[in-house]
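Student: Can you keep this structure in mind? I'll have questions shortly.
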Amino acid sequence: RNVETGSIEVFVNDMAQPIMTAQDKTFGHGWIGWGSFDDTGMANDIQIWAPDSELKNIDFFGAAGR
């Protein structure tokens with residue numbers, strides 16, 4: 001995901017090309033969402049990284065609208 005351009009790419013199994021792409025500038029830096037539209041997949045060894053990150057202790061339900 002590139003916040004500045006709105007580019008979102010999904011890669012699976014170390015693939016060189018994304019299996020899904022999208023453009024969306026709705027949300028800036030922040031929370032990570034995870035889900036499945038059909039609930040048939042299983043995943044393990046998920047890696048999430050960011051060039052810049054900041055660890056904050058925030059109450060989950062108090063974070064809405066931030």
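Student: From the protein chains alone at 1.4 Å, what is the descending order of accessible area for T26, T5, largest first?
Tutor: T26, T5
Student: Set the Förster radius R0 to 22 Å, insert the Cβ-Cβ distance between E4 and D45 as r into 1/(1 + (r/R0)^6), and round the FRET efficiency to 0.05.
Tutor: Efficiency for this residue pair is about 0.20.
Student: Still on this structure: Sort 12-25, 43-56 by packing, meaning the average of other beta carbons within 10 Å per residue, with the highest value first.
Tutor: By packing density, highest mean first, the sequence is 12-25, 43-56.
The values are calculated or read from the model by the stated rules, or taken from the named source; none is laboratory data. This one's a predicted model, so the numbers in the text were calculated from it and none came from an experiment. When we count neighbours, we look across all protein chains shown, and the Cβ atoms used for this are built from the backbone with ideal geometry, even at glycine. Remember, those area values only see protein heavy atoms, side chains included, never the ligands or the DNA or RNA. Shrake-Rupley method; radii C 1.70, N 1.55, O 1.52, S 1.80 Å.
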